[in-house]
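Undergrad: Just dropping this structure here.
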Amino acid sequence: MQYNLTYVEKWINTDSFAKKLLNKSYFTKKQLKDYVTYAWNRDNGSSVTYEQIAKIRNVTKQGVGENIKLARDNIDRAIATLLLSVYTNIIPIETIEFFIEILDAMRVAKESEDEFEFRLLRKKMMKLLSENNSGSFLTKEDED
């Protein structure tokens with residue numbers, strides 16, 4: 001299956017977990033759409049070029065390339081920030097446990113080939129994210 005921008009846009013708009021994470025992430029919606037379209041097709045063995053994405057979006061190949069580069073940079077910065085926060089004990093142990101639990105659910109969901117099991121795991125991930133209702137991954141006393 002080849003993933004196109006319309007498919008990815010629909011996925012972003014209908015997957016409540018992805019939408020919630022997008023709102024808290026460093027990604028813009030355009031960065032996410034370009035990078036997901038490129039990555040999903042690459043992982044699926046169906047090559048999609050920056051030029052093909054650019055033609056559909058009516059932008060330049062360089063524009064798509066820059067979006068994907070910015071998305072990669074955002075990922076690198078987010079991971080470095082997370083690791084530094086854990087290393088320096090800025091992030092409370094409860095948050096680390098939350099990350100471990102949600103990442104494990106994501107791993108199982110990605111490995112699952114059963115759509116029903118995937119939906120159950122997505123509900124579990126949404127519940128975990130909803131339990132963190134403060135809007136921050138830090139505890140209240142860190143927000144002085």
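The values are calculated or read from the model by the stated rules, or taken from the named source; none is laboratory data. On a predicted model such as this, the values are computed, not experimentally measured, just so you know. Note: ideal-geometry Cβ built from the backbone for every residue, glycine included; neighbour counts use all protein chains shown.
Undergrad: Cβ contacts < 6 Å: first residue in the same structural domain as Lys123 (by TED's automatic domain parsing), restricted to segment 92-109; second residue part of a helix (DSSP H, G or I) and modelled with pLDDT under 85, any location; separation 6+ or different chain. Result?
TA: Ile102/Met125; Ile102/Leu128; Ala105/Leu121; Ala105/Lys124; Ala105/Met125; Val108/Leu121; Ala109/Phe118; Ala109/Leu121
Undergrad: Does Ala105 satisfy the condition of being of a type in the set (A, V, I, L, M), modelled with pLDDT of 80 or more and either farther than 15 Å from Phe17 by Cβ or surrounded by 11 or more Cβ atoms within 10 Å (Cβ to Cβ) (or both)?
TA: Here the answer is yes, as Ala105 does meet what is asked.
Undergrad: State whether the residues of segment 25-33 include one that is more than 18 Å from the chain's Cα centre (by Cα) and surrounded by 13 or more Cβ atoms within 10 Å (Cβ to Cβ).
TA: no
Undergrad: Surrounded by fewer than 13 Cβ atoms within 10 Å (Cβ to Cβ), more than 16 Å from the chain's Cα centre (by Cα), modelled with pLDDT of 90 or more and within 18 Å of Thr6 (Cβ to Cβ), is that true of Asn58?
TA: Yes.
Undergrad: Just need a number here: residues in segment 40-55 that are surrounded by 14 or more Cβ atoms within 10 Å (Cβ to Cβ) and either assigned to a loop (DSSP other than H, G, I, E, B) or in contact with a helix residue (DSSP H, G or I) (Cβ under 8 Å, 6 or more places away or on another chain) (or both).
TA: Residues that pass the stated criteria total 5.
Undergrad: Step by step: first the residues of segment 61-97, then only those that are in contact with a helix residue (DSSP H, G or I) (Cβ under 6 Å, 6 or more places away or on another chain) and modelled with pLDDT of 90 or more, then the one that is nearest to Leu129 (Cα to Cα). Which residue is that?
TA: For segment 61-97, the residue satisfying everything is Ala71.
Undergrad: To continue, here is another question. Just checking, which of Asp104, Asp76, Asp43 is of a type in the set (Asp, Glu) and within 14 Å of the chain's Cα centre (by Cα)?
TA: Selected residue: Asp76, the only one of Asp104, Asp76, Asp43 that is of a type in the set (Asp, Glu) and within 14 Å of the chain's Cα centre (by Cα).
Undergrad: Do we find a residue being among the hydrophobic types (A, V, I, L, M, F, W, C), within 15 Å of Leu5 (Cα to Cα) and in a helix (DSSP H, G or I) anywhere in segment 87-105?
TA: No, because not a single residue in segment 87-105 is among the hydrophobic types (A, V, I, L, M, F, W, C), within 15 Å of Leu5 (Cα to Cα) and in a helix (DSSP H, G or I).
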